[in-house]
Amino acid sequence: MSMYDEPARVLRPEIEPGRRVLVISDIHANLPYFHGLLDKVGFSDDDLLILDGDFLEKGKESLKTLREVMALCRKGNVLPIMGNCDDWGAIFRDNGRWGKDLPHYMQYRRSGLLWDMALELGEDPADIPDFEGFKCRLAARFPEEFAFLDALPQAIEAGRYIFAHAAVCPGKALEEHTVGELVRCDAWYRRGYRFDKWVVVGHYPVMLYCDDIVCANPIIDRERHIINIDGACVLKDDGQLNCLIIPDITKDEFSFASYDPFPVRRVLSDQAGSKRSTYIRWGDSRVQVLERGAEFSRCRHVRTGYELDILTKYLFSDGEFTDCNDCTDYVLPLKAGDLVGVVEVCSRGYFVKHEGVSGWYFGELAEV
């Protein structure tokens, strides 16, 4: 039986009213963002920190991140939840799936927990001919790490809130869910579910729900009691790491803070926003190159026919038809004095973020 078919583990901790609860998801082994966000919100021993899954993989420091999370948990005020990128304990139970896919995954990703572990073992992670033997060496060298991951709950329920990495099924007790139902479900928010308690998830980057304007801030749906906090801090060049701040677990009051490392500059002139724009994103990124240029290329989005200029370095191949990096032609509405984070600098202007929203600015910027 696959791990994802097993019954979910649910944790129901006693959290005293008035204790601040911080919730972060999808760190993806990005320790600089994690440290920056904790500093920004002033995380202390008085707080309770919930890590809502996917603290590993896709970034560059999975093993180091795992050990830091383990150390934080030993202090007693950090509660991690399993995400679909944190399920490494399954490699010792689900032999068919893992034995076939993992060597390919390691060579494709060239990073991640097993990659880091192989390096610590003194082995070449890109050339592991005997994966079963490799698993035996992993089990002998890293027993505490795998035991920690294997014991992670898939959901936490406390006060007015339920925390799961990807999804919750309405009208179904948490214990009746399988692991897979809670940790793997793309575009779950589009299913239209409603809940009595607040359901807080990550997993699916919030900007993938956008059509024409790119926003990395949490989705907060007060009518349906759903919050998605995945700001795609590793997956998107302009992503951010979000933190949901709950002052009292028994109340429906909260705020959020975000961190990204982009240099902050001051806008010097007003700019009107776009009347029309698009956002080309993962899963729908096929374009036709109409005119290729050194810096920008004129392209047509294959599905919609929409034409826009895309940074040439964002195109994945030299062919007429290609996929591309996430991009938008949205021009931000800005006022002189606004503060923006600078993501890209080019001959035409700046690709910036303002209050979580990404777009172009064509005026001048000043140091803050």
Next on the checklist: If Gly202 satisfies all but one of (1) over 25 Å from Glu14 (Cα atoms); (2) surrounded by 17 or more Cβ atoms within 10 Å (Cβ to Cβ), what's the number of the condition it fails?
Outcome noted: (1)
Next on the checklist: Can you find, within region 239-258, the residue that is most open to solvent (accessible area, probe 1.4 Å) among those that are hydrophobic (A, V, I, L, M, F, W, C) and farther than 20 Å from Tyr204 by Cα?
Outcome noted: Phe254
Checklist entry - Looking at this structure, is Ser358 open to solvent by less than 50 Å² (accessible area, probe 1.4 Å) and farther than 21 Å from Pro218 by Cα? => result no
Next on the checklist: Quick test of your reading of the structure: Lys236 fulfils all but one of (1) buried (at least 19 other Cβ atoms within 10 Å of the Cβ); (2) in a loop (DSSP other than H, G, I, E, B); (3) in contact with a Gly (Cβ under 8 Å, 6 or more places away or on another chain); (4) not polar (S, T, N, Q). Name the failing condition by number.
Outcome noted: (3)
Checklist entry - Of the residues that sit in region 264-294 and are surrounded by fewer than 19 Cβ atoms within 10 Å (Cβ to Cβ), touching a residue at least 60 places away in the same chain (Cβ under 8 Å) and of a type in the set (A, V, I, L, M), which one is farthest from Val368 (Cα to Cα)? => result Ala272
Item to check | Subset tally (residues that are touching a Leu at 6+ places or on another chain (Cβ under 6 Å) and open to solvent by 40 Å² or more (accessible area, probe 1.4 Å)) for region 2-18 | outcome: 0
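One line per residue, one yes/no per condition, for (1) touching a strand residue (DSSP E or B) at 6+ places or on another chain (Cβ under 9 Å); (2) among the polar types (S, T, N, Q):
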{"residue": "Ile15", "(1), (2)": "yes, no"}
{"residue": "Leu38", "(1), (2)": "yes, no"}
{"residue": "Ser44", "(1), (2)": "no, yes"}
{"residue": "Leu56", "(1), (2)": "no, no"}
{"residue": "Lys64", "(1), (2)": "no, no"}
{"residue": "Asp87", "(1), (2)": "no, no"}
Checklist entry - Which residues, taken from region 19-57, are small (Gly, Ala, Ser) and surrounded by fewer than 24 Cβ atoms within 10 Å (Cβ to Cβ)? => result Gly36, Gly42, Ser44
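Any residue at all in region 198-216 that's in contact with a Ser or Thr (Cβ under 6 Å, 6 or more places away or on another chain) and at pLDDT below 95?
yes
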Checklist entry - Within region 306-336, how many residues turn out to be buried (at least 16 other Cβ atoms within 10 Å of the Cβ), hydrophobic (A, V, I, L, M, F, W, C) and farther than 18 Å from Glu291 by Cβ? => result 3
Next on the checklist: Quick check on region 172-181. Is at least one of its residues touching a strand residue (DSSP E or B) at 6+ places or on another chain (Cβ under 8 Å), among the hydroxyl-bearing types (Ser, Thr, Tyr) and under 15 Å from Ser358 (Cβ atoms)?
Outcome noted: no
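Pro261: open to solvent by 10 Å² or more (accessible area, probe 1.4 Å), under 20 Å from His354 (Cβ atoms), touching a Pro at 6+ places or on another chain (Cβ under 9 Å) and touching a residue at least 12 places away in the same chain (Cβ under 8 Å), yes or no?
yes
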Next on the checklist: What pairs come out if I take residues in region 102-131 that are assigned to a loop (DSSP other than H, G, I, E, B) and pair them with residues that are among the charged types (D, E, K, R) and open to solvent by 30 Å² or more (accessible area, probe 1.4 Å) whose C-beta lies under 6 Å away, six or more apart or interchain?
Outcome noted: Ser111/Lys60
Item to check | Residues of region 249-268 classified as touching a Phe, Trp or Tyr at 6+ places or on another chain (Cβ under 9 Å) and more than 20 Å from Tyr33 (Cα to Cα), total | outcome: 4
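The values are calculated or read from the model by the stated rules, or taken from the named source; none is laboratory data. Quick caveat, the model's predicted, so the values are computed rather than measured. Reconstructed Cβ throughout: ideal geometry from the backbone, glycine too, with neighbour counts over all protein chains shown. Heads up: the accessible areas ignore ligands, DNA and RNA and are worked out on the full protein's heavy atoms, side chains in. Shrake-Rupley method; radii C 1.70, N 1.55, O 1.52, S 1.80 Å.
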